[in-house]
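The block underneath contains the structure these notes are about, expressed in structure tokens.
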Amino acid sequence: MMSTTTPQETIHVTLGERSYTVWIGRDLLDDHARWRAMLRGRHALVISNRTIAPLYLERLTRGLDGLHWSSFLLEDGEAHKSFANVGLALEALATLGATRDACIIALGGGVVGDLAGFTAACWMRGIDFIQMPTTLLSMVDSSVGGKTGVNLPAGKNLVGAFHQPRAVVADIGTLDSLPAREYRAGMAEVIKGAAIGDAIFFNWLEQHAQALAARDETALVQAIATKVRYKAGVVARDETEQGERALLNLGHTFGHALETAGHYTTLLHGEGVAVGMLLAARLSERLGMSHSTDTLRLEQLLKAIGLPTDVPTGYDPEQLLALMRLDKKNTAGTLRLILWHGIGLAEIISGVDEADVLAVLREAM
């Protein structure tokens, strides 16, 4: 269901000299005057993938007239967020003759944005990059905050750098081509933000779940902007995840383990986060931190959006626990998880007993 007029939102991420603007609206890819002003040099490399490029690359590159530019295309999927592809992207920059004032433009979802940002952080020890997210998941989460990186066979995002973008251009028109499953996966990150620290927003999501599931643009822009505004505030207060920003990983320790165990092919990232959030809620309930009514509300909202709430069949609880031990938040050999005291009341909990985690995983099987 389309609204007659799509609202636009402008959000500022305040980080001193590294501050930048997030624009949210329709047809922003074609607003060349807006984002072209962010490019400081003569060279640009557009990194995208073979699914997105045929749809949107030409529209973007019309805004690059007069520059020396080229494109580097990944295959689609999480498995391609690899060191090998970073190496190829760096070779593309070398072939282009990119100087220190060059800019990488990331046109795609989280895989493209993470790899493009990491490549930008590496080339000549750091050049500009612009995020142009084309998935809901990347619009509300990975494009904002400067986390970049690649995967290893041992685990997801184990290698990376904090490297803030020059700007984020979230053209919601690109969501028109987004498959329903990918759209729902993006909604998991919207729900996550509310579950962490905004009970009022969680209530709003419950009331507008039907409109959001139907992609109503007015509700969608409000949901994206609310989530981005929340994340921008957290990033401004804790850019390199020394404290509060770790809360944004609610569900991620469980979710990343599920993704890795499935070799990044069974669950989309947002689906892993959805199941992971529910497992974190169940663990919180088991530890006496929260009430079953909060777990039930979360489960019902996830289901209303059409997200999975069950661990896929065939997974081994012991293997998942072993993968969770590799999480970057862990300290001194003990599990450090994001749990909650109920909706909007997440907390970082250190020294979580592995027996309780294993019990929750086994029950979920």
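Laid out as a table, the results:
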quantity: Among GLN8, VAL22, SER70 the positive-end extreme of the charge dipole of the range 1-81 (Cβ point charges); calculated: SER70
quantity: Cβ charges +1 (Lys, Arg) and -1 (Asp, Glu), total dipole of the range 213-305, debye; calculated: 140 debye
quantity: Sequence of ASP353, ASP30, ASP128 when ordered by accessible area, the most exposed leading, probe 1.4 angstrom; calculated: ASP353, ASP30, ASP128
quantity: Once exposed loop trypsin sites (Lys or Arg not before Pro) are cut out (DSSP; at most 12 other Cβ, 10 Å), longest piece of the chain; calculated: 51-365
quantity: Separation of alpha-carbon centers, the range 187-227 and the range 112-160, rounded to whole Å; calculated: 24 Å
quantity: Estimated inter-spin distance, PHE162 and LEU296, nm [label 7 Å along Cα→Cβ]; calculated: 4.1 nm
quantity: Fluctuation leader among GLY344, GLY243, GLY255 - the chain, Gaussian network, Cα springs under 10 angstrom; calculated: GLY243
quantity: 222 nm mean residue ellipticity, helices alone, for the chain (DSSP H n ≥ 4; -39,500 (n - 2.57); rounded to 500); calculated: -13000 deg cm²/dmol
quantity: Length gained when the stretch ARG40-LEU55 is fully extended (0.36 nm per residue, less Cα-Cα span); calculated: 2.8 nm
quantity: Dipole of the chain, positive end: most advanced residue of THR95, GLY288, PRO312 [Cβ charges, Cα centre]; calculated: THR95
quantity: The range 173-272: relative contact order in percent, alpha carbon pairs under 8 Å with at least 6 residues between; calculated: 32 percent
quantity: Nearest-10 value in Å² for the accessible area of HIS291, using the 1.4 Å probe; calculated: 110 Å²
quantity: Given charges at beta-carbon only (K, R positive; D, E negative), |dipole| of the chain in Debye; calculated: 720 debye
quantity: Highest-MSF residue in the chain out of ALA120, ALA188, ALA346 [GNM, Cα springs under 10 Å]; calculated: ALA346
quantity: Sulfur and carbon atoms: percent of accessible area, the chain [1.4 Å]; calculated: 51 percent
quantity: Spread of Cα-to-Cα distances over 20 Å intervals beginning at zero, given as percent, for the chain; calculated: 31, 58, 10, 0
quantity: Over the chain, relative contact order from alpha-carbon pairs under 8 Å, at least 6 apart, %; calculated: 16 percent
quantity: Positive-end extreme of charge dipole, the range 142-219 - chosen from ALA167, PHE201, ALA154 (charges on Cβ); calculated: ALA154
quantity: Environment charge at ARG59 (Cβ cut-off 10 Å; Lys +1, Arg +1, Asp -1, Glu -1); calculated: -3
quantity: Dipole magnitude of the range 37-85, debye to nearest 20 (Cβ charges: Lys/Arg +1, Asp/Glu -1, about Cα centre); calculated: 240 debye
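The values are calculated or read from the model by the stated rules, or taken from the named source; none is laboratory data. Model, not experiment: these values are computed from the prediction. So basically every Cβ, Gly included, is an ideal-geometry build from the backbone, and we count neighbours across all protein chains shown. Areas reflect the complete protein model, heavy atoms only, side chains present, ligands, DNA and RNA absent. Shrake-Rupley method; radii C 1.70, N 1.55, O 1.52, S 1.80 Å.
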